[in-house]
Amino acid sequence: MIGMLDLREAGRATAIALPDLVITDVDREAAIAEWRGRMVNEHVSARVFAQLIPQLMRAGLPADVQANVADMVAQELRHGRLCAGVVEALGGAAVIALPELADVPAHGDATPVEAVLRNVLAISCLEETVAVALLETGRQLSEPAPIRAVVTEILRDEIGHAKLGWQLARALLPGVERRTRERLSEYLVPAFRQLVERHWVPDELPLVGRRAVPAIGVDDAREASRLVLDVIGQVIVPGLEAYGLEARDALAEATM
């Protein structure tokens with residue numbers, strides 16, 4: 001059974017207020033829909049990091065790494081409340097049905113260290129690195145101080161979430177066997193494919209129901225998708241290649 005995510009009370013408790021905001025009803029509804037979607041995404045991200053902790057334990061990674069990820073769970077939950085606060089401040093209701101939630105892959109075919117690397121590559125090096133770029137763009141465009149403050153706080157934490165993957169890559173990848181790096185490179189194919197499918201908006205695709213409201217942190221979907229491709233090609237791919245992964249070939253196969 002799909003549950004409901006009800007953060008109306010938690011959102012109002014943030015005391016985010018936008019009394020001087022003047023926008024059209026259409027823009028307001030678009031902004032509410034976008035921030036409500038972010039509210040769900042942040043809530044789901046908390047669950048992802050929570051499920052990563054037992055995998056870090058099985059891999060024998062240091063206690064400070066485990067504690068850092070535990071802090072990320074609390075951060076993502078707070079992000080969800082902040083997004084709910086924006087929804088409520090815009091005049092919406094911070095309540096929505098939760099999507100079906102897939103578990104973080106256990107990767108039973110891999111060693112504990114390789115399993116962790118697969119997941120942090122997909123979660124931190126790919127998804128969170130892209131999120132940082134999108135949030136920084138949103139921060140620069142946001143005009144009301146309360147919105148900018150929310151985006152800035154989320155961005156600060158997401159930088160740390162992205163760093164987790166890159167730090168573990170730097171610490172662990174030099175010590176893994178060649179065959180493990182080959183399997184990790186193979187795993188990048190579906191990881192890149194999922195990332196691109198999630199963010200890419202072809203020019204010919206009509207943006208039904210999606211409206212950019214940059215001043216309230218709602219990006220233009222096509223511009224955002226182009227930014228994602230730039231980040232993948234200019235940051236993520238060379239970063240992973242530096243640690244011996246065949247990221248360029250994986251991206252090419254993922255986007256064939």
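The values are calculated or read from the model by the stated rules, or taken from the named source; none is laboratory data. Predicted, not measured: the structure shown is a model, and the values here were computed from it. Positions of Cβ are generated from backbone atoms using ideal geometry, with glycine treated the same way; all protein chains shown enter the neighbour counts.
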Qualifying positions in region 5-47 - among the hydroxyl-bearing types (Ser, Thr, Tyr) and surrounded by 15 or more Cβ atoms within 10 Å (Cβ to Cβ): 14, 45
Qualifying residue in region 72-89 (condition: of a type outside the set (Val, Ile, Thr), surrounded by fewer than 20 Cβ atoms within 10 Å (Cβ to Cβ) and not in a helix (DSSP H, G or I)): no
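This table checks each residue for (1) over 20 Å from the mean Cα position of the chain (by Cα); (2) in the same structural domain as residue 5 (by TED's automatic domain parsing); (3) of a type in the set (S, T, N, Q); (4) closer than 17 Å to residue 91 by Cβ.
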residue	(1), (2), (3), (4)
27	yes, yes, no, yes
31	no, yes, no, yes
35	no, yes, no, yes
38	no, yes, no, yes
47	no, yes, no, no
53	no, yes, no, no
Flag if residue 143 is modelled with pLDDT under 95 and of a type in the set (D, E, K, R): yes
Output for region 112-156, where each listed residue is outside any helix (DSSP H, G or I) and buried (at least 19 other Cβ atoms within 10 Å of the Cβ): 142, 144
Where a residue in region 227-256 is touching a residue at least 40 places away in the same chain (Cβ under 8 Å) and surrounded by fewer than 16 Cβ atoms within 10 Å (Cβ to Cβ) and its partner, wherever it lies, is in a helix (DSSP H, G or I) and of a type in the set (Lys, Arg), with Cβ under 8 Å and at least six apart: 255/193
Residue that is assigned by TED's automatic domain parsing to the domain that holds residue 144, under 25 Å from residue 148 (Cα atoms) and modelled with pLDDT of 80 or more, where the choices are 191, 247, 224: 224
